[in-house]
Each structure stands twice: as structure tokens, then as C-alpha cells.
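Note sheet for the following structure.
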Amino acid sequence: MNLLGIETSCDETAAAVVEDGRTVLSSVVSSQVDLHARYGGVVPEIAGRAHIEALLPVVDEALAEAGCAAAAAADAGLPAPRALGAVAATVGPGLVGSLLVGISAAKSLALAWDVPFVGVNHLEGHLYAALLEDADLPLPAVVLLVSGGHTLLVEMTAPGSYRLLGRTADDAAGEAFDKVARFLGLGYPGGPAVERSARDGDPAAIAFPRPMRDEGLAFSFSGLKTAVVHYVRDHPDVPTPDVAASFQQAVVDVLVHKALGAARRSGARSLCLAGGVAANGPLRAATLAACDAAGLRAFLPSRSMCTDNAAMIAAAGYYRLASDGPTPLDAGAVPGLAFPVTA
């Protein structure tokens, strides 16, 4: 079955068609980075309006690339594209105004085409980046999901079967990157900006703390961010690249150490990265090295699968439809939706 996925949880307008939850037939993403860069972060009102303008052209392009009928068929009262069996959309977590745009469009298309609507948890969607790009990934796997809003360690034993192993107690890793980048005047988005600056710095120049490194599987990055601020204020002449490199190294050390510990404790056969921060070069390199030393299979999603996309939503929607059936059409956006623990 081919399923159309729609993703509008934050500042990426995305649509994709995925076959049987595994094969990506099309994936289109329209970024809003340029719109929000001047503000140093995502402005919810601007994001919602941009989704309204971009969504139907993005859906139309995704359907065309997948060889399906144009989205305009719904407006003309035509039947559903014969190749599509359902429409999925992110229902949370995310910005409520952004979520509602995608949800409303997905419900409208599902009604017009007389196919099921499937509401998808954005965090669950990130877990499917690995299965979309490596169908033979050994399970159980531990997934380190690191993004601007979330830092989670999840054990995945099968599609739809998860156990939450650890999460951040305060700032997510990506949020810490954004805040440090803003403080250092490096620009937006923060993760890539810090990484660019860090290439010219010494990661051992400053001994920033590794918060909660050896304290279970929970994370905390708020104190690290504060340590950066205090250090720069106390040492105003410190080279910014050294600060960026030392901060980045501290985050990477904690993430990899805890992810490896989670894999060992759970007896996982593989360790996967997911989420926007998974595109970070030093994190990817450190993960590969640690897994190689531990005899674990490592999976690093392509950078296009790290950031928000609709292919992962379509894949998650396929399995949710198989296990739970269609989502009621009166289901709404859930901005604070929690990770779907099943075990």
C-alpha cells in the first residue's frame, strides 16, 4: 500500500509517498530557515502562515514524483489516486498552529479520496528513518533521538514496539546548540552554526562539564549551556571557535557515552541516530567509532532523513494503520504529545 505522509510540526513543510512503510517513492521538503533566521529561532505565527502557502504545492509535487494523481483532484471532486491507500499527518508534538495546517489538509484529502486518515506521533516518525534506509537493520535497536526539542534513548524491538530508556531533564541537545549559537553570535540554525565554527577550534581548549555523564540514562544540558555563558563572560578574549569546539565535544561525549551504555544494558544489536542533531559530523564520527569498538552495528541516517521530513511520517503511519486502524477524524493537534511507550 502507498501512503501519503504530511509533516508540518515546526518549520519544515513536507510531503512524501512511501510504499508498504519501507520504500520511499517521493519526499519533498520546503524549508523555512530563511524566514526565521533574522529572529534567531522559529516564530510560530510566521511558521503557520508559511505552511498554509507551501503545503498544497509540496503535496502536489510529492504525488507527481511518486506517479500519483495531482492533489488538485480533491478540489475537483475526483476519486482518490488509485495508488494511495491512506493519508497520514503529524498530530504532535509541535507548534499547534503548524500542526493544524497539516492535520486539516490530511483530513480533507482523506475525506475527498475516501481513504483512512492516520495521526502520527512526530517522535515515533523519527525512529523509522533507519528502517526506511536499511530494511535489514538488526533489532532490537537502541535509537538516540536528538533534536531541537527532544533528547531520548529508545529501545525499538519491532515496528510499533518501543521502550523509553532515558530522556533529558531540561534542555534538549539541539536546544542547547541553538542557545549557545545565539549567545556566541553564530547565527541560526544553531547546530550547523556551532559545527562550522568548531572546525577552526580546539575541542580540548576548555574543560566544560559533562553533565550527568555517569548518572544513568537521563540527560541534562541546561547546566552546560550556562557553563559556556559564564566562561565566555569571565574570559572575554577566548576565541569563539575554541568555545564552540569545546562545547560541541562535551555534548557529543555525553550523548555517545549514554547511548552506548543503553545499548549494552538492553542487549541491543544495533545503535541508531535520529533527529536533526544526528546530522552533526563529530557526533556521527564518534558514534561509529564507539560502536566499532563495542562490536555494535551502527546506523547513521542520511542527513535528509535526520531533519524533519514526511517520509518518516508516512512510514510510521503505515504501521500505525496496521496496528490501530484509522484515526478518528475528530482527533486534533496535541502540541505536547508524549513519546508512545509500548513496553
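Listing for the model above:
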| item | result |
| --- | --- |
| Pairs with Cβ under 8 Å, 6+ apart, first in the stretch 252-263 and outside the structural domain of Asp171 (by TED's automatic domain parsing), second of a type outside the set (Gly, Ala, Ser) and modelled with pLDDT under 95 | none |
| Hey, Met156 crowded, with 16+ Cβ neighbours inside 10 Å, on the phi > 0 side of the Ramachandran plot, in contact with a Phe, Trp or Tyr (Cβ under 8 Å, 6 or more places away or on another chain) and not small (Gly, Ala, Ser) or not | no |
| Top-ranked residue in the stretch 295-315 [being under 22 Å from Gly97 (Cβ atoms) and not polar (S, T, N, Q); ranked as surrounded by the fewest Cβ atoms within 10 Å (Cβ to Cβ)] | Asp308 |
| Selection count where residues are among the charged types (D, E, K, R) and closer than 12 Å to Ala14 by Cα, scope the stretch 297-332 | 1 |
| Odd one out for Asp308, checked against (1) modelled with pLDDT of 95 or more; (2) under 14 Å from Val146 (Cα atoms) | (1) |
| Criterion (assigned by TED's automatic domain parsing to the domain that holds Arg269 and either over 26 Å from Gly41 (Cβ atoms) or surrounded by fewer than 24 Cβ atoms within 10 Å (Cβ to Cβ) (or both)) met by exactly one of Val146, Val115, Val142 | Val142 |
| Residue within the stretch 288-299 that is in a helix (DSSP H, G or I), small (Gly, Ala, Ser) and farther than 26 Å from Ser197 by Cα present | yes |
| Residue match in the stretch 320-337 (condition: under 20 Å from the mean Cα position of the chain (by Cα) and assigned to a helix (DSSP H, G or I)) | yes |
| Close pairs (8 angstrom Cβ cut-off, 6 or more residues apart or separate chains): free of Cβ contacts under 8 Å to residues at least 12 places away in the same chain and over 17 Å from Ile103 (Cα atoms) in the stretch 27-53, assigned to a helix (DSSP H, G or I) and of a type outside the set (A, V, I, L, M, F, W, C) anywhere | Val43/His36 |
| Selected residue [in contact with a helix residue (DSSP H, G or I) (Cβ under 7 Å, 6 or more places away or on another chain), acidic (Asp, Glu) and either outside the structural domain of Thr168 (by TED's automatic domain parsing) or surrounded by fewer than 20 Cβ atoms within 10 Å (Cβ to Cβ) (or both)] from Asp202, Asp214 | Asp202 |
| Whichever residue in the stretch 152-192 is among the small types (Gly, Ala, Ser) and over 18 Å from the mean Cα position of the chain (by Cα) and, among such residues, is farthest from Tyr319 (Cα to Cα) | Gly185 |
| Subset of the stretch 263-277 (residues that are over 13 Å from Val146 (Cβ atoms) and not in a strand (DSSP E or B)) | Ala263, Arg264, Arg265, Ser266, Gly267, Ala268, Arg269 |
| Contacts under 9 angstrom Cβ, first residue in the stretch 176-190 being assigned by TED's automatic domain parsing to the domain that holds Val254, partner surrounded by fewer than 23 Cβ atoms within 10 Å (Cβ to Cβ) and of a type in the set (Phe, Trp, Tyr), 6 or more apart | Asp178/Tyr188; Ala181/Tyr188; Arg182/Tyr188; Tyr188/Tyr39 |
| Residue check for Gly174: of a type in the set (Gly, Ala, Ser), assigned to a helix (DSSP H, G or I) and in contact with a strand residue (DSSP E or B) (Cβ under 9 Å, 6 or more places away or on another chain) | yes |
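The values are calculated or read from the model by the stated rules, or taken from the named source; none is laboratory data. Computed from a predicted model, the values in this text were never measured in an experiment. Here Cβ is always computed from backbone atoms with ideal geometry, including for glycine, and neighbour counts include all displayed protein chains.
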